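These notes are about the structure you will find just below.
Bear in mind these aren't lab numbers, they're just calculated from the coordinates by the rules spelled out. This structure is a prediction, so every number in the text was calculated from the model and none was measured. Positions of Cβ are generated from backbone atoms using ideal geometry, with glycine treated the same way; all protein chains shown enter the neighbour counts.
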Amino acid sequence: MQTAAYPYQPVRERRTLTCFLLALLMHLLLGALLYYGVRWRNAVPTGVAAELWEPVPEATAPEPVVKPAPTPQPVEEEDADISLQEKQRKARQAEREAQREAEQQRQRESQARADAARKEAQRKAAEAQRQASNAERQASNAERQAELARLRAQAGGAGAAANTGAGSGSSARPSSGYAERVRQRVKPNIIFNEDVAGNPAAVVAVHMAPDGSLLSTRLAKSSGNAGWDNAVLRAVQRSDPLPRDSNGVAPSNILITFWPRDEGG
């Protein structure tokens, strides 16, 4: 039996060109990576390359300047100088303080002397014033004593004349209205503003010269209120001289009664 013979035809591959192109592209990329990788590792920095290829001028080193070495100062001498300056400063300060203290002491002593002199002058002035006051008082007392002696002598003569004549005078009894006249004379001189319980009477005994001059006053009977009693005594003394009696002569002794609220003779 005879068989027919068929010619052999190989199977055509699909997309062969595409695969080839992709493989070529991959090889190119791999070659580029290898090339740039090796070049990057072997590359020299730009600065270093410039120093290698450019000529470097020869630098001449400057000659060193030799400075004279400072002469060292001994530390002990510096400390000694500082200590000496400090001592001098303290000595000057102490001298100024001493001068200031001496000046203040002189001022205090001068002030004390001035105060002592002023006090001494004041004491002498007070002593002189006291002596002058004593002399004036003594002169006044002597003058008063002389006047009292004259008045007593005059009273004695007037009394004798009155006894030998009309039987009236300084030793005679005062007239009936004389005490009231004296009380009216004294009343305006009474200075008293206190309140007194009731209306107590203060009786004052007055001893006078013939011309009415006061020789002495005393409280014959107290009102029981010391303020009223003293006010009445001061008023009687301020009323010196007292009026004379109707015969022209003041009686030697008289009693006068005073009330805080006037009730008449």
Nonlocal amide H pairs with A250, under 5 Å, H built at 1.01 Å: D211, G212, D245
Extension gain, D240 back to F20 (0.36 nm per residue minus Cα-Cα distance, nm): 62.3 nm
Around Q131: net Lys/Arg minus Asp/Glu count, Cβ-Cβ under 11 Å: +1
At R0 = 30 Å, FRET efficiency that the Cβ-Cβ distance of Q93 and K119 yields, to 0.05: 0.20
Projected area averaged over orientations for segment 178-258, convex hull of C-alpha atoms, nm²: 4.7 nm²
